[in-house]
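Rule-based calculations on the coordinates, nothing more; no lab input. Note that the structure is a prediction, hence the values are computed from the model and not measured. Quick reminder, even Gly has a Cβ in these numbers, built from the backbone with ideal geometry, and neighbours come from all protein chains shown.
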Amino acid sequence: MNKQLTWREKISYGVADMGFNFYWTNIATFLLFFYTDVFGISAAAAASMMFTIKLINAFTDPMIGAAADRTTTRWGKFRPYLIWVPLPLACAAFLTYTTPDLSDGGKIVWAYGTYLAMMVCYTCINIPYNALSGVLSADAQERSTVNGLRFIFAFGGGMLVTAATPWLVRTLGGGNARLGWQLTMLAWSALASLLFVLTFLNTRERIAPPASQKSNIWQDVGDLAHNRPWIVLFVLALVIMITITLRTTSAAYYFKYVVQREDLMAGFVPAYMGAAAAGASLTPLMTRFVDKKKLMMILMAITAVLSSAFFFVPRDQVWLMFALQIGMGLALGPKSPLAFSMYADTADYNEWRTGRRATAMTFAAATFSQKLGTAIAVAVIGWLFTRLGYVANAAQSEGSQAGIVWLMSFIPAAFALFAVAVMFLYNLDNNKLLQIQADLEARKS
């Protein structure tokens with residue numbers, strides 16, 4: 001179980017997260033903008049729809065996690081989903097970014113149906129993939145390395161999407177934004193599917209639940225409800241996702257309406273993604289010297305300071321905007337591999353405490369909080385835009401511009417500080433994890 005993984009397997013696992021970010025980064029960065037400025041529905045309608053679908057989809061996560069934990073094939077529990085789901089996901093994404101010739105009411109119905117289909121398909125492949133990281137090896141440092149490498153690819157994918165998507169829309173659409181978005185999403189979906197298959201072919205599952213384990217879904221839920229470190233991570237993921245989504249979604253509006261340099265968006269988010277990839281690459285090194293809990297608190301405190309500083313940047317100081325963005329990328333980059341490594345630790349903790357293991361359910365409930373955080377962030381943006389009188393493709397009022405600046409600075413900074421407070425409650429340190437692993441090994445031998 002503590003097998004040292006080959007670099008081929010580590011890299012093959014990691015590349016799939018680049019594929020996931022071909023979807024996720026498009027959704028987080030461009031989808032609200034697509035709905036308001038291309039698809040043609042109001043910010044309030046789009047935000048309400050996205051919040052509702054995210055909320056519904058969040059509640060499907062535990063069900064999909066429970067199903068994955070109970071899947072039995074010759075390929076394992078989680079790997080098969082990497083070849084079962086890519087095609088349905090690609091079709092749903094293509095339809096989501098399609099603009100049909102419908103009435104305003106018809107467009108809203110179309111948006112609800114296609115977006116829900118895309119998010120459910122995404123969940124059906126993403127949750128088993130997340131759980132796979134918890135069964136490749138039982139070694140805590142190997143998990144940190146795998147997840148660190150994974151998020152280098154994830155941020156690389158995000159950087160590629162944010163840099164290339166505007167160009168692809170213009171090139172593939174030939175001046176027709178509706179066609180451009182549709183074909184761009186088709187291209188990203190095809191590339192993602194190839195990466196998912198590559199991961200399936202080159203990874204192996206090595207950790208299984210105890211042979212005598214018999215549990216139902218409600219027992220899995222009950223185990224999580226009494227798993228203190230997992231509850232802390234659940235809240236942490238919710239808060240951090242709100243922090244990140246507020247800034248990434250607001251960035252397109254910030255450069256279009258505040259800075260009035262829409263072209264800068266093609267470099268702004270990729271600058272963050274590149275810095276985040278660099279930060280993620282340092283995670284295994286940092287965890288050798290700093291406990292995961294302390295490291296997470298330090299990183300979120302730095303994020304709060306840098307985000308607050310963004311409020312004071314003059315509109316013509318583009319270099320300072322990029323400097324702060326890169327700083328936040330370096331600080332938030334290690335957050336993701338840290339968190340996913342810690343989720344695997346809480347699955348071990350649950351098995352140690354109860355004798356039962358539900359790896360996919362552990363990760364599914366984690367993605368539940370991430371999606372809920374994204375939904376809350378988008379709802380906050382839509383609500384604030386509506387209150388401040390946002391009008392798509394028009395000059396914005398001073399109040400609307402001020403709201404956009406707050407969404408890039410003080411509001412996410414407040415959530416980052418709350419994340420620091422939440423981590424005080426986390427109770428799994430390195431010594432405790434060593435004890436847990438030793439006890440689990442003793443039981444199985």
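Please give me the summed charge of the neighbours of Ser12: other residues whose Cβ is under 13 Å from its Cβ, Lys and Arg +1, Asp and Glu -1.
+3
Going by average Cβ neighbours within 10 Å, how do the peptides 144-157, 17-30 rank, with the highest at the top?
In descending order of packing, they fall as 144-157, 17-30.
By the scheme Lys and Arg +1, Asp and Glu -1, what is the net charge of all other residues having a beta-carbon under 13 Å from that of Gln260?
In short, 0.
With only Lys, Arg, Asp and Glu charged, each at its Cβ (+1 for the first two, -1 for the last two), find how big the charge dipole of the chain is about the Cα centre; round to the nearest 20 debye.
Charge dipole of the chain: 740 debye, to the nearest 20.
Could you rank the peptides 112-124, 432-444 by their average count of other C-beta atoms within 10 Å per residue, with the highest value first?
Final packing ranking: 112-124, 432-444.
For segment 197-285, what's the radius of gyration and Dmax over Cα atoms, in angstrom?
My reading of the Cα-based Rg and Dmax gives 20.6, 63 Å.
To the nearest Å, what is the center-to-center distance of segment 354-420 and segment 178-206, using C-alpha atoms only?
So the separation of the two Cα centres works out to 27 Å.
Can you count the Lys pairs in the chain with C-alpha separation below 12 Å, eight or more apart or on different chains?
Lysine pairs, 8 or more places apart or on different chains, close enough: 4.
Hey, can you rank 327-337, 289-299 by average C-beta count inside 10 Å, highest first?
With the highest mean Cβ count within 10 Å placed first, the list reads 327-337, 289-299.
Given the rule -39500 (n - 2.57) for each run of at least 4 DSSP H residues, summed and divided by the residues of the chain, what is its mean residue ellipticity at 222 nm, to the nearest 500 deg cm²/dmol?
-25500 deg cm²/dmol
By how many degrees, 0 to 90 and rounded to 10, does the Cα axis of helix 7-26 deviate from the longest principal axis of the chain?
30 degrees
So what's the angle, to the nearest 10 degrees on a 0 to 90 scale, between helix 430-444 and the longest Cα principal axis of the chain?
50 degrees
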